[in-house]
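The values are calculated or read from the model by the stated rules, or taken from the named source; none is laboratory data. Since the structure is predicted, the reported quantities are computational estimates derived from the model, not experimental observations. Please note: Cβ atoms are built from the backbone with ideal geometry, for glycine as well, and neighbour counts cover all protein chains shown. With ligands, DNA and RNA removed, areas are computed over all heavy atoms of the protein, side chains included. Shrake-Rupley method; radii C 1.70, N 1.55, O 1.52, S 1.80 Å.
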Amino acid sequence: MNTRLRVAVQSKGRLNEDTLRLLAEAGMKVDAGKRTLLVEARNYPLEVLFLRDDDIPQTVADGVADAGIVGMNELAEQGAAADVVHQLGFGACRLSIAVPKETDYTGVDWLNDKKIATSYPGILKRFLESRGVHAHPHVITGSVEIATGIGLADAIFDIVSSGSTLVSNNLREVEVVMQSEAVLIAHPKLSDEKRQILDEMVFRFKALQGAAGKKYVLMNVPKGALDSVLHELSGIKSPTVMPLAQEGWCSVHTVLEEESFWEKVGRLKEAGAQGILVLPIEKMVL
Ligand code: ATP
Ligand code: MG
């Protein structure tokens, strides 16, 4: 039988869609529509195990799955013995302590003897210990944000992304305890064959992430304006300059961060660039 790498992913929830998109863009077709627990990729030595995210770290640590895609927060909470192989750049959030808006929060000492509602008691306890605070974590599995409003706790420790949930529950974020994003984790001891499959996966993920937020930009430049255009592009890794069929003109190609594009394009026009084309970049292998 051919070796396959078994990767545990979230079966439904916030990470599911981005995870399956990442695999698809990396050329690993998984028929998630089937909703079976275990699905083989059609064109890659991979089988995907669909689980609740809580179960992913331990499944990988036990070696039932060879690798997994899960939030760093979940791995940290469980302290499972799995290696973080690669950060995937989605599912970004932070774990923070928040208190009712009107609280006169003076610093971590305020938390002494307070009751803190959370679904992440492990991370919270480690944080409190590291700061020498004696508080009482109170574990609830959902709707942590309403705990102070209903008198269940004095503070909460929960996932925050935009912060709008905190605002709508009259809470104020006072301590950011950890930053998290989705990570690829792996069993510490994989066979050489499985390690190779994993390495190839990481290589493809890097190529996709390398292209994220970048655009391929082409422009026509009269030779007299070439120096000023190249000056505007200084700091960018060596643009390509090619002659055009029309005498006295050349074409300049480069890669720009999408974020800085609008700011740069005005200056490029001023410098003499014309016919500026912007194309998406799918993958970038460095
Ligand atoms: P499961 O049913 O698989 O146990 P869940 O309800 O525990 O799912 P989700 O809400 O789907 O978990 O979140 C999965 C992960 O997504 C979180 O552990 C976290 O890493 C990440 N995440 C990113 N942004 C947010 C957010 N705003 N709220 C919750 N999780 C977020
Ligand atoms: Mg969960």
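For region 93-179, what does the convex hull of the Cα positions come to per residue, in cubic angstrom?
Spelled out: Cα convex hull of region 93-179, divided by residues, is 81 Å³.
Considering region 40-124, its Cα convex hull presents a mean projected area of 8.0 nm².
Could you look at the chain and say what percent of its accessible area is carbon and sulfur, using a 1.4 Å probe and all protein chains?
Working: 7640 of 15370 Å².
That share works out to 50 percent.
Charge dipole of the chain (Cα centre as origin; +1 on each Lys and Arg Cβ, -1 on each Asp and Glu Cβ, all else neutral): 580 debye, rounded to the nearest 20.
Sorting the segments 190-203, 90-103 by their residues' average number of neighbouring beta-carbon atoms within 10 angstrom, most packed first, yields 90-103, 190-203.
Positive end of the dipole of the chain (Cβ unit charges, origin at the Cα centre): among V48, L190, V252, the Cα lying farthest that way belongs to V252.
Averaged over its residues, the chain has an accessible area of 54 Å² per residue, based on protein heavy atoms and a 1.4 Å probe. Take every DSSP beta bridge whose two residues both sit in the chain; close to 75 percent of them are antiparallel.
Restricting the calculation to Cα atoms, every distinct pair contributes to the Kirkwood radius of region 214-280, found to be 11.7 Å.
Could you calculate the contour length gain from E200 to N43, that is, 0.36 nm times the residue separation minus the distance between their Cα atoms, to one decimal place in nm? Please list the in-between numbers first.
On the way: separation 157, 0.36 × 157 = 56.52 nm, distance 1.34 nm.
So the chain would gain 55.2 nm between E200 and N43.
For region 68-110 and region 6-65, what is the centre-to-centre distance using only Cα atoms, to the nearest Å? Centre-to-centre distance over Cα atoms comes out at 23 Å. Taken as Cα centroids, region 182-197 and region 222-286 sit 41 Å apart, rounded to the nearest whole angstrom. Using a cut-off of 30 Å between Cα atoms, the listed pairs K12/K206; K12/K189; K12/K101; K125/K214; K12/K283; K189/K237 include K12/K101; K125/K214; K189/K237 as exceeding that distance.
Assign unit charges at the C-beta atoms only (+1 for Lys and Arg, -1 for Asp and Glu), then state the dipole size of region 51-147 relative to its Cα centre in Debye, rounded to the nearest 20.
Dipole of region 51-147, to the nearest 20 debye: 300 debye.
How high is the relative contact order of the chain, given as a whole-number percent (alpha carbon pairs under 8 Å, six or more residues apart)? Relative contact order of the chain: 19 percent. Spread over its residues, the convex hull of the C-alpha atoms of the chain is 194 Å³ per residue. The length gained on full extension between I276 and V176, counted as 0.36 nm times the residue separation minus their Cα-Cα distance, comes to 31.7 nm.
Between helix 192-211 and the chain there is an angle of about 60 degrees, using the helix long axis and the longest principal axis of the Cα atoms. Once the Cβ-Cβ distance of K29 and A212 is raised to the sixth power relative to R0 = 30 Å, the FRET efficiency obtained is 0.90.
Report the full-extension gain for the segment I146 to T165: residue separation times 0.36 nm, less the Cα-Cα distance, to one decimal in nm.
5.9 nm
Of the peptides 261-274, 149-162, the ranking by mean beta-carbon count within 10 Å, highest at the top, reads 149-162, 261-274.
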